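Any read-out appearing in this document is the output of simple, stated calculations on the displayed coordinates, not a laboratory observation. Just so we're clear, the structure is a prediction, and the values are computed from it rather than from any experiment. When we count neighbours, we look across all protein chains shown, and the Cβ atoms used for this are built from the backbone with ideal geometry, even at glycine.
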Amino acid sequence: MMNHEINKAFRQRLNKGGAILMPGAANALAASVIDRLGFEAVYISGAGLTNTYLGMPDLGFISLPEIAQHTATIRNTTELPIVVDADTGFGNALNVSHTVRTLERAGASAIQLEDQVNPKRCGHFSGKDVVDLSEARSRIKAAADARQDPNFLIVARTDACATHGFDAAIERAEAFIEDGADVTFIEAPKDLQNIRDIPRRLPGTPQLINLVVGGKTPIIDFNELDQMGFGLVLYANVALQGALKGMHDALSMLKVDGRMDETGPVASFEVRQDAVRKSYYDDLEKKYSTD
């Protein structure tokens, strides 16, 4: 399926209503697993990519070329819509425009942009700050103008809840919608009533909520969030946290026992090869063999 077809179908699905449960992937293998398990969309987490690819915390270390490379790699493994975390857009409005063009060409279906100062930090860390509203709005306007495919989505995130309060975050989201945002995302709300108020106070535009295991926002059942009216329910780093625990458990056992077989906490060799479509490439090799 071509990118524009994926993007059109994703916009139609969002407009249809009903929440979409969207896990994050820090690499193509995780995206492949997400696809095979039947999820409707995949999210490329800037935090997950920074943790996995660089082994560093989410403090603005990842670059646009690195995100674009991973977007293209993940697009090669799945036809799911890909929502890409592009942090602050890597600069001013001109940089944002370049970021949108780059990630759209790489295979993204949507780009997420936030209103933090540079360098940004994880939305569930303390010590965040946001740019003034005029600068934040210029990022969203530039993003909306830069897209080539009208079905490529702009996800506008605000971190103002932590610095200016919930009402200010709602006001920013309203402004971003005026500027062309297709989805808005109020990051790290702590209060359950505030969470309920987000879709109510921003009707007509899909809302994204980010549930971070161990983070600032309380974990709420998917069905309840669906009933509240959220469009996207994001678990940006469950795959990463699950993989990290799995690595720790398997390697700890290896360190203690000095051996590991398939009775241990590992996927089998066959499951691993299936995850990377080994049989598909075997068939291609046979098709083009000259023997």
Open item on the list: Taking every alpha carbon pair in region 25-134, what does the distance histogram look like in 5 angstrom bins from 0, in percent?
Closed with: 2, 13, 24, 23, 19, 12, 5, 2, 0
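Mind sorting THR158, THR263, THR205 by how few other Cβ atoms lie within 10 Å of their own Cβ, fewest first?
On the way: THR158 27, THR263 6, THR205 17.
By the 10 Å Cβ count, ascending: THR263, THR205, THR158.
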Task: Residues of type lysines that LYS245 reaches as a straight line, Cα spacing below 19 Å, ignoring anything fewer than 8 places off in the same chain - done: LYS255
Task: region 50-113-region 1-40 distance, computed between alpha-carbon centres (Å) - done: 16 Å
Open item on the list: For the chain, take the longest principal axis of its alpha carbons; what is the angle in degrees between that and the long axis of helix 133-146, to the nearest 10 within 0 to 90?
Closed with: 60 degrees
Task: Choice from LYS245, LYS120, LYS278 with maximal GNM fluctuation in the chain (Cα, 10 Å cutoff) - done: LYS278
Task: Residues of type aspartates and glutamates that LYS8 reaches as a straight line, Cα spacing below 14 Å, ignoring anything fewer than 8 places off in the same chain - done: GLU40, GLU79, GLU104, ASP149, ASP182
- [ ] Given the options ALA31, ALA108, ALA142, state which has the largest fluctuation in a GNM of the chain using a 10 Å cut-off (strictly under) for Cα springs.
- [x] ALA142
Task: Angle in degrees between helix 93-106 and the longest Cα principal axis of the chain, rounded to the nearest 10 - done: 30 degrees
Task: Angle in degrees between helix 64-75 and the longest Cα principal axis of the chain, rounded to the nearest 10 - done: 60 degrees
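Quick one: dipole size for region 55-192, taken about the Cα centre, charges +1 on Lys/Arg Cβ and -1 on Asp/Glu Cβ, in debye to the nearest 20.
Working: 13 positive and 22 negative charges, 80 e Å.
For this selection, approximately 380 debye.
If I take every Cα pair under 8 Å that is 6 or more residues apart in region 29-141, average their sequence separation and divide by the length, what percent do I get for the relative contact order?
26 percent
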- [ ] Using only the alpha carbons of the chain, determine the length spanned along each of the three principal axes and report them from longest to shortest in whole angstroms.
- [x] 61, 48, 36
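I need PHE10, PHE269, PHE61 ordered by Cβ neighbour count within 10 Å, fewest first. Write down the numbers at each step before the final one.
Working: PHE10 22, PHE269 9, PHE61 14.
So the ranking, lowest neighbour count to highest, is PHE269, PHE61, PHE10.
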Task: Among ASP58, ASP129, ASP221: highest mean-square fluctuation, GNM of the chain, C-alpha pairs under 10 Å - done: ASP221
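Quick one: putting +1 on the C-beta of Lys and Arg, -1 on the C-beta of Asp and Glu, what dipole do you get for region 3-243 around its Cα centre, in Debye to the nearest 20? It would help to have the intermediate numbers written out before the result.
Numbers: 22 positive and 29 negative charges, 61 e Å.
The dipole of region 3-243 has a size of about 300 debye.
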- [ ] Determine which lysines satisfy two conditions relative to LYS286: a Cα distance under 22 Å, and not lying fewer than 8 residues away in the same chain.
- [x] LYS278
Task: Farthest positive-ward along the chain dipole, Cα basis, beta-carbon charges - from HIS248, GLN112, ALA93 - done: ALA93
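Once you sort the root eigenvalues of the Cα gyration tensor of region 141-291 as a ≥ b ≥ c, which label holds: rounded (a/c under 1.5), prolate (a/b larger than b/c) or oblate (the other case)? Display every interim value, and only then the final one.
Working: a/c = 3.22, a/b = 1.62, b/c = 1.98.
The shape class here is oblate.
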